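The values are calculated or read from the model by the stated rules, or taken from the named source; none is laboratory data. Everything numeric in this text was worked out from a predicted model, so none of it was measured. Cβ: placed from backbone, ideal geometry, glycine included. Neighbour counts: every protein chain shown. With ligands, DNA and RNA removed, areas are computed over all heavy atoms of the protein, side chains included. Shrake-Rupley method; radii C 1.70, N 1.55, O 1.52, S 1.80 Å.
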Amino acid sequence: MSQATRHYDELLARHYSWMNGLTVNEKIDEQKLLLAEAGLDDGPKDIAVDLGCGPGYQSFALARLGYKTVIAVDTSNALLAELEAARAGEPIRAVLADLRNFPTLVESGSVNAVICMGDTLTHLDERSDVTKLYRDAYAALAPGGRFVLTFRDLSHEREGLDRFLPVRADERRIMTCFLEYEADHVVVNDLIYVRDGEGWTFEKSRYRKLRLAPAEQAAELERIGFTVDCDRQAGGLHMISARKP
């Protein structure tokens with residue numbers, strides 16, 4: 001089990017939807033607009049793959065953009081259960097699997113869109129895993145298909161108290177994190193206080209994220225053969241949309 005999978009299973013999955021601070025439909029609408037801006041509202045819409053789908057915000061967005069089959073892949077049983085509970089007949093197939101194994105779920109050259117959103121990409125163990133994922137996405141896509149990524153740019157090191165980041169707080173939960181920098185990774189320490197009756201309980205866990213520089217990722221995609229036509233900030237994340245010629 002990877003550090004990221006363990007972190008979600010032991011802590012983050014049960015707080016994930018709360019962390020986003022939006023209703024499910026608000027989040028789906030937000031992601032639908034973002035994916036349309038990334039070029040996923042054009043061209044054939046037979047099959048899309050959502051890698052690291054979580055509770056399905058992007059999967060539902062893809063379905064509502066018109067994709068006939070959406071394969072939603074995640075390692076969290078709890079988050080996939082949230083997706084299934086909300087699915088209500090949408091053409092989404094939830095799969096419990098490591099995203100690195102997604103080529104076993106599709107035929108080569110058959111997919112119209114592959115997405116890896118949120119900060120999922122940085123959860124991979126090594127940079128070689130990222131390169132392999134790019135190559136696998138290229139092989140899975142049909143000509144003209146799109147690969148869309150978002151990830152947090154952790155390439156620039158925060159210092160001192162800037163390493164401590166508030167996430168969200170309300171009357172029942174308070175979440176913050178602090179970052180520890182390594183050469184190729186950042187250790188994310190998540191700290192959550194949860195009101196329990198009149199008192200508070202404290203939950204904590206940590207995991208490592210890759211430090212990925214946007215310019216390097218765009219260049220790697222182009223080396224593999226993609227045409228990068230969207231490379232910009234999207235909220236607190238960086239978004240790259242690349243097309244297979």
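Computed with a 1.4 Å probe over protein heavy atoms only, the accessible surface of the chain comes to 47 Å² per residue.
At full extension, ALA169 and LYS68 could sit 32.6 nm farther apart than now, given 0.36 nm per residue minus the alpha carbon distance. Remark: spin-label model distance ARG14-ASP196 equals 1.0 nm, labels positioned 7 Å along the Cα→Cβ axis. With the simple model of a label 7 Å out from the Cα in the direction of the Cβ, ALA213 to GLU126 spans 2.1 nm. With each run of n ≥ 4 DSSP H residues scored as -39500 (n - 2.57), what mean residue ellipticity at 222 nm is computed for the chain after dividing by its residue count and rounding to the nearest 500 deg cm²/dmol? That calculation yields -8500 deg cm²/dmol at 222 nm.
Highest-first packing order for the peptide set 228-237, 98-107, 205-214 is 205-214, 98-107, 228-237, based on the mean count of other beta carbon atoms within 10 Å. Using a cut-off of 25 Å between Cα atoms, the listed pairs LYS132/LYS244; LYS132/LYS209; LYS27/LYS68; LYS32/LYS132; LYS32/LYS68; LYS68/LYS209 include LYS32/LYS132; LYS68/LYS209 as exceeding that distance.
For the range 1-93, the Kirkwood hydrodynamic radius comes to 13.6 Å, computed from all pairs of different C-alpha atoms. Just check the range 135-180 against the gyration tensor rule for me: Cα atoms, a ≥ b ≥ c as the square roots of the eigenvalues, rounded for a/c under 1.5, and otherwise prolate or oblate depending on whether a/b exceeds b/c. It is oblate, given that a/c is not under 1.5 and a/b is not larger than b/c. Positive contributions from Lys and Arg (+1) and negative ones from Asp and Glu (-1), summed over other residues with Cβ under 12 Å from the Cβ of VAL187, come out at +1. The magnitude of the dipole of the chain, with charges of +1 and -1 set on the Cβ of Lys/Arg and Asp/Glu and taken from the Cα centre, is near 300 debye. The structure-derived value of Rg/Rh (Cα atoms, Kirkwood Rh) appears in the list [x] 0.96; [y] 1.10; [z] 0.98 under the label [x]. Taking all protein chains together, MET239, MET19 sort by accessible area into MET19, MET239, largest first [probe 1.4 Å]. Taking only protein heavy atoms and a 1.4 Å probe, the accessible area of the range 149-245 is 48% carbon and sulfur.
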